[in-house]
Each structure stands twice: as structure tokens, then as C-alpha cells.
Amino acid sequence: MSISTAKAAEPAVATTPPPVRRNRRSTHAREWWFGALMVLPALVLAVTFKLVPLARGVVTSFEQSSGFGDSSFAGFDNYTRMFDDPVVLASFRNALLVVATLPVWVVFPLVLAVLIHQRAPGWKFFRAVYFVPYTIAPIVVGIMFRQILAPDGPINALLRAVGLRPLAIEWLNGQNSALFSLVAVALWSFFGLGVMTYLAGLATIPDEVLEAAYLDGAGFWRRLLSVVVPMLRPTVAYWSVLCASGVLIWLFPLIYALTQGGPGNATMLPEYLVFLTTFQFLDRGYGSAIGIALFAFVAVLSIFSVRHMFTEGTRKPR
């Protein structure tokens, strides 16, 4: 028998795998604790400044108080009182009208972003200018537009100069024009953030795709609807969620500077009514109840929007 045959006949020696399971478990534990340590500061801030005030607001909404002194338990009286309060009903009706303007908030920045992305004439200038209004404090924007939209302000002066005197109205004092003037000012102030958001999303679309659509004869609107929007669904959904939840809690400084809820209740929104009820009328319980109702309203709207965003973001391309 040769040496090679003898070696082949020898039984194979079983080798035991190295003990890696325990090492993997300890590595996973270290990664978990490291991740928890990174999340802890944000969690502490969220609990301290979000959940604790929310819980306190819920408790206060069941109390009856006058000023900031002692309070007594009132049950659901503050909530049932809202259904008979015309000011509260008017504020939520105005909130629904503001929500109805969301398509403008979503589409307008998208169109401008696409024009800038396609290097329209003056795109560098407009890319910088469009973001400037967002950097101005909302209270300053309100003070500025209070002068611009005044009956003798520059807007009406321009309309009279070009022969459109019937359109020179009292923008902030009309029952029908005040709310939409407020929304227009808010859109001017915040749409720059939407333009930047869409530009970030457009940067992920290959230039070859848009060039191919252009060479195929697709016009601007065809490229927008058939190419850009389908490929930009997650970004559009994200901005829609941000606007849907923020449009009802961004407007307080503008309301305070422009109209203070007037004329009458034409621009009264729930967030401003919470401020008036709590800090001017000193009815903490009722103000908290209105605030919790606003929270529920925004939460329902946000949940619907977030579900739509998740659906759009996880949809597989055809």
C-alpha cells in the first residue's frame, strides 16, 4: 500500500466550529446599547417638552379655572361647551378652509423647483431669492405685509395705477378676503422651504431621463406629470405631510401681526383662539380643551398623510 493510499484511508478528523455565537451576541448587545445611547437625548427632549405638556394639557382640559389660581374638576363640560361656542366652530371652519388650500402649497413650489432644476433663465438668482422669505421671522413678515396690504398700501396703489381700481380692496379687513390674504402671506413666507425640498429630490433624478423625455417631444407639463411626479413621489408625499400638519400651527405669528383673528372671526384659527382663551381671558381649562381638540384634528390629518406618504414611498415602480 502506498503512502498516498494510506493517507486517503485515514478517517477524517472532525473539526469543531469556533465559538462565534457568543461573540455575535455580545456585539449585537453593544450595538443595541450604543444605538439606545444615541437615541436617549432625543427621547428625553421629546418626553420632557412634548409628552409631559400634552399630558398636562389633557388633565387641565377637564378642570374649571379662573386665572392661574385654584381649579376644580369640570368633567367634560369644557368639551361640550365647544359645540355651542360660535367662535370655536368658526375657528375650525376656517381651519378646514386653510387645509383646502394645501394643493397650492404642494404644487406651486414643485413647479418653481422644476423650472430652476431645468436651468430656466435666471435660475441661479431665483434659487437664492426664493429661499430668502423663509429666513425672515414670521412676525416680521406679518408686520411688513400689514403695510403692504393696507388700503393705501403699495398693492392697492399699483392696482389703481394700472386701471384695476375695483380690485383695490381692503385685503385684511374683508370677511371674504382676509383669510385668503393671510394664507397667501404664509405661502410667500414658507414656500422657499418647499422649493429647496423639491430641489433635493430632483437631484436624485438622472438628467438622462429628463433629456430623453425632452427629445421625445414632451412639453414642460408632460414632463412634470409623467416623469417628475412619479419619480418624486416620496418627496412630494413628505412635503404634503409637512404642510398638512404645519399649516395649522405655523400661522400664529402671522395672525397676531396681521389680523388678530379679525375682522370678526374671519381669520380666527384654533391655535390663536387657544392663546386668547388661555392668556387673555384666563380660562385655562377651556383653552386646554380647545388645544386638545386642535391636537386631535391635526393628528387625524397627519396620520392620514403619513399613511399616504408610506404607501407612496414603498410603492414599487412599474
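The sole residue among Ala266, Ala257, Ala244 that is assigned to a loop (DSSP other than H, G, I, E, B), touching a residue at least 24 places away in the same chain (Cβ under 8 Å) and under 26 Å from the mean Cα position of the chain (by Cα) is Ala266. Would you mind stating whether Gly153 is free of Cβ contacts under 8 Å to residues at least 24 places away in the same chain, among the small types (Gly, Ala, Ser) and farther than 29 Å from Ala237 by Cα? So Gly153 fits the description; yes.
Here's the yes/no breakdown for (1) closer than 17 Å to Gly261 by Cα; (2) surrounded by 16 or more Cβ atoms within 10 Å (Cβ to Cβ); (3) modelled with pLDDT under 95; (4) of a type in the set (A, V, I, L, M, F, W, C):
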position	(1), (2), (3), (4)
Thr101	no, yes, yes, no
Val111	no, no, yes, yes
Pro133	no, yes, yes, no
Pro138	yes, yes, yes, no
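One residue is enough: does region 260-279 have a residue meeting the conditions more than 25 Å from Trp188 (Cβ to Cβ) and loosely packed, with under 13 Cβ neighbours inside 10 Å? Taking every residue of region 260-279 in turn, at least one turns out to be more than 25 Å from Trp188 (Cβ to Cβ) and loosely packed, with under 13 Cβ neighbours inside 10 Å. Does Val107 satisfy the condition of being open to solvent by 20 Å² or more (accessible area, probe 1.4 Å), closer than 30 Å to Phe191 by Cα and under 27 Å from the mean Cα position of the chain (by Cα)? Yes, satisfied. Only a single item in (1) closer than 24 Å to Pro109 by Cα; (2) among the charged types (D, E, K, R); (3) part of a loop (DSSP other than H, G, I, E, B) is not met by Asp152, and it is number (1).
Candidates Arg93, Arg30, Arg22, Arg81: the one that is more than 30 Å from Thr259 (Cα to Cα), open to solvent by 80 Å² or more (accessible area, probe 1.4 Å) and at pLDDT 75 or above is Arg30.
Filtered by the rule that a residue be in contact (Cβ under 8 Å) with a residue 24 or more places away in the chain and crowded, with 16+ Cβ neighbours inside 10 Å, region 184-195 gives Val185, Ala186, Leu187, Ser189, Phe190, Phe191, Gly192, Leu193, Gly194, Val195. Applying a threshold of 8 Å to beta carbon distances and a minimum spacing of six or more residues, or different chains, the list of pairs starting in region 56-68 at a residue that is part of a loop (DSSP other than H, G, I, E, B) and ending at one that is surrounded by fewer than 17 Cβ atoms within 10 Å (Cβ to Cβ) reads Ser61/Tyr79; Phe62/Phe73; Phe62/Gly75; Phe62/Phe76; Ser66/Leu282; Gly67/Leu282; Phe68/Leu282.
Candidates in region 42-55 are the residues that are at pLDDT below 90 and of a type outside the set (A, V, I, L, M); of these, the one that is farthest from Ile292 (Cα to Cα) is Phe49. The number of residues in region 62-74 being over 16 Å from Phe279 (Cβ atoms), crowded, with 17+ Cβ neighbours inside 10 Å and not aliphatic (A, V, I, L, M) comes to 2. Filtering region 236-246 to residues that are open to solvent by less than 40 Å² (accessible area, probe 1.4 Å), modelled with pLDDT of 85 or more and of a type outside the set (Phe, Trp, Tyr) leaves Val236, Ser240, Cys243. Scanning region 156-183 for residues that are open to solvent by less than 60 Å² (accessible area, probe 1.4 Å), touching a helix residue (DSSP H, G or I) at 6+ places or on another chain (Cβ under 9 Å) and either assigned to a loop (DSSP other than H, G, I, E, B) or more than 12 Å from Ala257 (Cβ to Cβ) (or both) yields Asn156, Leu159, Ala168, Leu172, Gly174, Ala178, Leu179, Ser181, Val183.
Of all residues in region 207-235, those being hydrophobic (A, V, I, L, M, F, W, C) and either open to solvent by less than 30 Å² (accessible area, probe 1.4 Å) or in contact with a strand residue (DSSP E or B) (Cβ under 6 Å, 6 or more places away or on another chain) (or both) number 7.
The values are calculated or read from the model by the stated rules, or taken from the named source; none is laboratory data. Computed from a predicted model, the values in this text were never measured in an experiment. Counting neighbours? That spans all protein chains shown, and the Cβs are built from the backbone with ideal geometry, glycine included. Surface areas here come from the heavy atoms of the whole protein model, side chains and all, with no ligands, DNA or RNA. Shrake-Rupley method; radii C 1.70, N 1.55, O 1.52, S 1.80 Å.
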